[in-house]
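Okay, so here's the structure we're looking at.
All of the numbers you see were taken from the coordinates with simple rules; none came from a lab. All of these numbers come straight from a predicted model, not from anything done at the bench. Please note: Cβ atoms are built from the backbone with ideal geometry, for glycine as well, and neighbour counts cover all protein chains shown.
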Amino acid sequence: MTAKMIPFDVILVILQFADQGTMYEFGQTCQTISSHALKQLWNMPYITSLTAFRQLTDTLHMQMPRHPYKHWISGLALHLNTFKAIPDQLFTELFQLNLEILSLSHLDVDEESVQLKRFFCLQLNQGIAEIHMHQCAAQVLHSLFMAIQDQMRPHLHTLCINQCYLSDHHIIPLVSHCPGLKTLKLDKCGCLSDEGVIAIANHCKSLDTLIVTLPPTIIQSNTITTRTLDALDANCSMLRLFVCGGQIRITEHITQEPRQSYRFAITTNTDHLADFDVGV
């Protein structure tokens, strides 16, 4: 079958799985599907530098843009190649977006994070469902958590924090505002204890996946015990997997005979996560 024999609607389906370079070429060379390719490219912009971020905000600031870019954007990935401070004022141009997913990596702000927090609040108020954060500055994490705690966030179903310092003190007030969480991943974020994870169990009863792992500098811990397992078993009837990497009390408990049965899988070895089809 040649390309010209492929039905147009099939090409549009294939286009959804094309890489950005291919979609860009379609957008530049094929008038018939140009708007479809551009729309797909703008579905979730992937920003890796301050220059690219400025280009995005400049485009959104245009009074009469060629295309309705802001309506095409349903997700945004600010994944900076290096740890970079973003001028807080730039986030004002993002207020007009209505995101379903937001992913941040190596992000910092160079001033008081007033506009960043407002951006978080606006997205949360509009019902954003999924937020990811990887190795961001403490100020950025604090702004997000304060925005979440501004009011109840039942629509937030996925929250993934990676290599950002957290403690029970941060988690306990946070989860009380997120009753709809289905996936909560706190990877390499700190030494949470029973107190923090039991708070998660008490407030996030729709959880499917819960991952709590230690920072790279800590090999093992004894801060999570069977009290946590009992709380999860009692409160989270939909829980499928609990990962608590390096927790020796849990390791001892799940390997001793006779083994106690729980409704969810438990592992303290993050090397086996691929077996559960879960990435940290």
| message | Using Cβ counts within 10 Å as a stand-in for footprinting exposure, how do ARG240, ARG66, ARG153 rank, fewest first? | response | ARG66, ARG240, ARG153
| query | Cα axis of helix 226-235 to longest principal axis of the chain: angle in degrees, 0 to 90, nearest 10? | reply | 60
| message | What whole-number volume per residue, in cubic angstrom, does the convex hull of the C-alpha atoms of segment 32-187 give? | response | 113
| note | For the chain, averaging the sequence separation of alpha carbon pairs under 8 Å that lie six or more residues apart and dividing by its residue count, the contact order in percent is 9
| note | Sorted largest first, the C-alpha extents of the chain along its principal axes in whole angstrom are 67, 54, 32
| said: Please check: in the Gaussian network model of the chain (C-alpha springs, under 10 Å), which one of ASP110, ASP187, ASP168 has the largest mean-square fluctuation. | reply: ASP110
| task | Among THR48, HIS61, LEU166, pick out the residue whose Cα is farthest towards the positive end of the charge dipole of the chain, where Lys and Arg carry +1 and Asp and Glu carry -1 on C-beta, about the Cα centre. | result | HIS61
